[in-house]
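Comments concern the structure below.
The values are calculated or read from the model by the stated rules, or taken from the named source; none is laboratory data. Everything numeric here is computed off the predicted structure, so don't read it as measured data. Note that we place each Cβ from the backbone using ideal geometry, even for glycine, and neighbour counts take in every protein chain shown.
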There are 2 protein chains.
Amino acid sequence: MSADGMNYAPIGKQAPVVAPGEFAIAAVGLDHGHIFGMCNGLTEAGASLKWAWDPDPQKLDRFVNIFPQAKRARSEEEVFSDPEVKLVAGACVTSERCALGVRAMDAGKDYFTDKAPLVSLKQLEDAKAAVARTGKKYAVYYSERIHVETAVFAGQLIDEGAIGKVVQVLCLGPHRLNAKSRPDWFFKKANYGGILCDIGSHNVEQLLYYTGAKDAQISFARTANFSHPDYPELDDFGEASFIMDNGASGYFRVDWFTPDGLQNWGDGRAIILGTEGFIEQRKYMNLGHHHGPSHLFLANGKQETHFNLAGKVGYPFFGQLVLDCINRTENAMTQEHAFKAAELSVKAQLQGDAQSGR
Amino acid sequence: MSADGMNYAPIGKQAPVVAPGEFAIAAVGLDHGHIFGMCNGLTEAGASLKWAWDPDPQKLDRFVNIFPQAKRARSEEEVFSDPEVKLVAGACVTSERCALGVRAMDAGKDYFTDKAPLVSLKQLEDAKAAVARTGKKYAVYYSERIHVETAVFAGQLIDEGAIGKVVQVLCLGPHRLNAKSRPDWFFKKANYGGILCDIGSHNVEQLLYYTGAKDAQISFARTANFSHPDYPELDDFGEASFIMDNGASGYFRVDWFTPDGLQNWGDGRAIILGTEGFIEQRKYMNLGHHHGPSHLFLANGKQETHFNLAGKVGYPFFGQLVLDCINRTENAMTQEHAFKAAELSVKAQLQGDAQSGR
């Protein structure tokens with residue numbers, strides 16, 4: 001795992017669900033380092049990474065250096081016209097992700113995009129229309145749940161009834177800014193979408209997932225730039241409260257204030273309160289101690305338990321996604337859920353910006 | 001410390017600021033176990049506990065058993081008419097605290113009440129009028145900050161600039177219900193005031209204190225009874241968001257869902273995000289580990305530090321309060337601050353109840 005959240009790329013175990021060559025994929029749009037995590041997950045699930053493409057030769061060099069099995073395409077069209085390619089994984093500039101997906105789906109491919117999957121309600125309409133028109137998938141890499149072992153395990157615990165009925169999910173998503181390492185588009189709101197849309201989308205997805213809700217009302221949202229005047233379009237802080245359609249509460253805070261002395265890029269937490277107990281995830285580190293990632297704490301009617309889950313849970317999302325593409329099922333994540341998280345993230349951003357006059 | 005939050009009564013060190021007999025106090029109104037913590041703090045600061053009074057002889061028995069130096073009064077009037085008594089400490093039923101305070105102040109005593117100090121805006125007016133009329137103090141035992149060593153130390157760190165400018169304070173105040181051990185009034189909203197007014201007031205006070213704000217807007221508030229149909233007037237969940245008058249954000253959640261397997265009555269946290277670092281307080285326990293109370297984690301530009309503060313910080317509030325009463329200063333806490341926390345707690349309760357239709 002990189003110390004930089006932008007390049008968070010967990011390595012799991014080989015758990016192929018298909019034979020070599022049976023499910024070919026391509027990486028198109030390499031602007032965000034999440035593409036490495038996405039391709040790690042898919043190739044561990046048995047996908048064959050056949051092509052890579054980005055208009056920037058340096059990004060392409062870096063990618064094929066890490067994934068040498070990928071052929072350097074000469075154009076996006078070369079990838080899209082290959083009938084062997086079943087799925088296109090993309091992590092281009094956030095504002096371009098929807099257009100890339102629509103092109104990929106129109107070329108007959110399923111699409112797997114980095115989060116945020118889109119930055120506006122108009123793009124959401126376009127994406128939904130493309131899904132309806134093509135029958136293809138617009139899947140999303142909400143990595144802070146699907147590519148985090150505590151997050152996967154928390155879902156399993158809730159399903160088993162370990163904490164009763166979930167009444168609140170509260171997520172903290174701090175990130176290290178590393179401003180000088182970031183590309184220009186990262187600081188342009190039209191490109192990155194705003195903090196609630198961008199890293200907020202991880203959290204909205206978790207609120208929906210852990211509460212089991214299908215939708216939510218946004219009770220309150222706020223964005224701010226507290227201390228980065230050199231980057232006026234950067235939201236360095238965001239928060240939002242939700243009342244889920246099943247009555248549970250949801251709250252999250254995201255920020256770019258991880259200090260340099262922290263062992264990792266962010267002390268991400270998710271605290272899930274149930275009627276019969278609660279769960280705390282310390283996803284990437286255990287604050288104050290160098291114990292590595294993947295700490296989950298469960299308290300219920302019997303006891304408190306500290307689970308160190310590193311290497312013990314795996315990432316079932318990727319194998320499920322590969323099989324979903326083959327079988328046209330929705331076991332990894334429903335399209336409705338992926339779009340709803342995006343919708344609420346964009347709406348929270350609009351509400352937060354309006355609140356703050358940003 | 002008791003395992004029951006209702007009887008949370010930390011024992012500190014003897015740190016007298018006055019000579020024996022120099023500052024006499026009385027305990028009047030013994031309904032809530034917080035009276036023990038209040039009297040611990042004051043007597044450690046050198047106050048002489050001269051009288052105790054409650055109309056319930058059993059409560060009086062229990063109290064003088066623990067504080068044998070206190071004489072059993074025969075009436076409230078006996079206490080109030082003693083000119084030696086400088087301060088009346090009270091923890092009666094929440095809805096009666098304002099009236100007790102007004103009587104005490106009109107009798108020429110300073111007043112130190114358990115939180116919540118009052119349950120309505122009308123009571124706030126009455127309390128403010130009594131302060132103006134008598135020149136006496138209406139001090140409040142916001143124990144989750146003033147009687148918690150991590151909370152005191154966090155304030156010191158912020159004052160030293162350890163985390164830069166505070167941009168958000170987020171508090172979690174879970175409590176164990178122990179419904180069968182609670183008196184009837186505890187479940188009557190007119191008496192306890194609602195969860196945001198009651199245990200919420202601890203948290204509002206912390207938001208004001210750690211952000212250094214004088215006032216705040218309530219952005220969102222919610223109360224709920226998720227799973228206690230036998231106690232319909234109990235709010236088992238509450239949350240509220242604030243924008244402080246200096247721009248910082250504040251959020252807290254309170255609840256009565258501490259599960260029986262937890263080592264303590266509640267895993268209270270306060271997470272303070274600054275522009276140059278952050279602080280996490282694990283006030284009463286370190287989840288998953290039996291390390292006792294008083295854990296504070298500081299992350300800043302240099303490092304992460306885990307402080308175990310048990311017995312190391314003390315509770316300066318009490319000595320300051322005694323001296324404030326003698327010198328008519330406001331070093332422990334200003335009257336304005338104590339009332340503002342109460343005001344915002346009551347307003348959050350009203351807003352939360354309206355939101356929820358409760």
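Things to note:
- Here B:Gly193 fulfils each of the conditions (1) crowded, with 24+ Cβ neighbours inside 10 Å; (2) farther than 30 Å from A:Ala224 by Cα; (3) touching a His at 6+ places or on another chain (Cβ under 8 Å) apart from (3).
- Index of the failed condition, A:His337 passing every other in (1) surrounded by fewer than 20 Cβ atoms within 10 Å (Cβ to Cβ); (2) at negative phi; (3) free of Cβ contacts under 8 Å to residues at least 40 places away in the same chain: (3)
- Yes/no for A:Gly46 being of a type outside the set (S, T, N, Q), under 22 Å from the mean Cα position of the chain (by Cα), part of a loop (DSSP other than H, G, I, E, B) and surrounded by 14 or more Cβ atoms within 10 Å (Cβ to Cβ): yes
- Residues that are within 7 Å of chain B (Cβ to nearest Cβ) and either over 18 Å from A:Asn203 (Cα atoms) or surrounded by fewer than 20 Cβ atoms within 10 Å (Cβ to Cβ) (or both), drawn from region A:279-288: A:Leu287, A:Gly288
- The set of residues in region B:200-222 that are hydrophobic (A, V, I, L, M, F, W, C) and in a strand (DSSP E or B) comprises B:Ala216, B:Ile218, B:Phe220, B:Ala221.
- Restricting attention to region B:158-182, the residues that are surrounded by 23 or more Cβ atoms within 10 Å (Cβ to Cβ) and touching a helix residue (DSSP H, G or I) at 6+ places or on another chain (Cβ under 6 Å) add up to 4.
- Picking from residues in region B:224-255 that are in contact with a strand residue (DSSP E or B) (Cβ under 7 Å, 6 or more places away or on another chain) and assigned to a loop (DSSP other than H, G, I, E, B), the one that is surrounded by the fewest Cβ atoms within 10 Å (Cβ to Cβ) is B:Asp245.
- Residue in region B:251-259 that is aliphatic (A, V, I, L, M), assigned by TED's automatic domain parsing to the domain that holds B:Ala151, touching a His at 6+ places or on another chain (Cβ under 8 Å) and over 30 Å from B:Ser227 (Cβ atoms) present: no
- Only one of the numbered conditions (1) under 16 Å from B:Asp353 (Cβ atoms); (2) surrounded by fewer than 20 Cβ atoms within 10 Å (Cβ to Cβ); (3) β-branched (Val, Ile, Thr) is violated by B:Ile199, and that is (2).
- Filtering A:Ala341, A:Ala332, A:Ala270, A:Ala310 for residues that are within 29 Å of A:Tyr111 (Cβ to Cβ) and touching a His at 6+ places or on another chain (Cβ under 9 Å) leaves a single hit, A:Ala341.
- Any chance A:Phe307 is surrounded by fewer than 24 Cβ atoms within 10 Å (Cβ to Cβ), farther than 29 Å from A:Val88 by Cα and in contact with a helix residue (DSSP H, G or I) (Cβ under 8 Å, 6 or more places away or on another chain): yes
- Checked across region A:332-347, the condition of being more than 10 Å from chain B (Cβ to nearest Cβ), in contact with a Gly (Cβ under 7 Å, 6 or more places away or on another chain) and either β-branched (Val, Ile, Thr) or farther than 24 Å from B:Glu304 by Cα (or both) holds for at least one residue.
- Matching option when the condition is of a type in the set (Val, Ile, Thr), touching a residue at least 40 places away in the same chain (Cβ under 8 Å) and touching a Cys at 6+ places or on another chain (Cβ under 6 Å), among B:Val346, B:Val322, B:Val313: B:Val346
- Taking region A:104-193 as the region of interest, the strands (runs of 3 or more DSSP E) fully inside it that hold 3 or more residues being out of contact with any Lys or Arg (no Cβ under 9 Å at 6 or more places or on another chain) are A:166-174.
- Just one of (1) more than 19 Å from the chain's Cα centre (by Cα); (2) closer than 20 Å to A:Leu273 by Cβ fails for B:Trp256. It is (1).
- Among the conditions (1) in contact with a Phe, Trp or Tyr (Cβ under 8 Å, 6 or more places away or on another chain); (2) in contact (Cβ under 8 Å) with a residue 24 or more places away in the chain, B:Phe297 misses just one, which is (2).
- Within region B:293-305, one or more residues are within 14 Å of chain A (Cβ to nearest Cβ) and among the charged types (D, E, K, R).
- Within region B:178-213, being among the charged types (D, E, K, R) and within 25 Å of B:Arg269 (Cβ to Cβ) holds for B:Arg182, B:Asp198, B:Glu205.
- Any hit, region A:62-76, residues being surrounded by fewer than 20 Cβ atoms within 10 Å (Cβ to Cβ) and touching a Gly at 6+ places or on another chain (Cβ under 8 Å): no
- Within region B:314-325, if we keep just the residues that are crowded, with 20+ Cβ neighbours inside 10 Å and among the hydrophobic types (A, V, I, L, M, F, W, C), the residue that is farthest from the other protein chains (Cβ to nearest Cβ) turns out to be B:Cys325.
- When residues of region A:226-267 are limited to those that are among the aromatic types (Phe, Trp, Tyr), without any contact (Cβ under 8 Å) to a residue 60 or more places away in the chain and closer than 24 Å to A:Tyr8 by Cα, the one farthest from the other protein chains (Cβ to nearest Cβ): A:Tyr231
- Test: residue in region B:260-267 that is crowded, with 22+ Cβ neighbours inside 10 Å, within 22 Å of A:Cys171 (Cβ to Cβ) and out of contact with any Asp or Glu (no Cβ under 7 Å at 6 or more places or on another chain): yes
- Out of B:Lys165, B:Lys128, sole residue that is among the charged types (D, E, K, R) and within 14 Å of chain A (Cβ to nearest Cβ): B:Lys165
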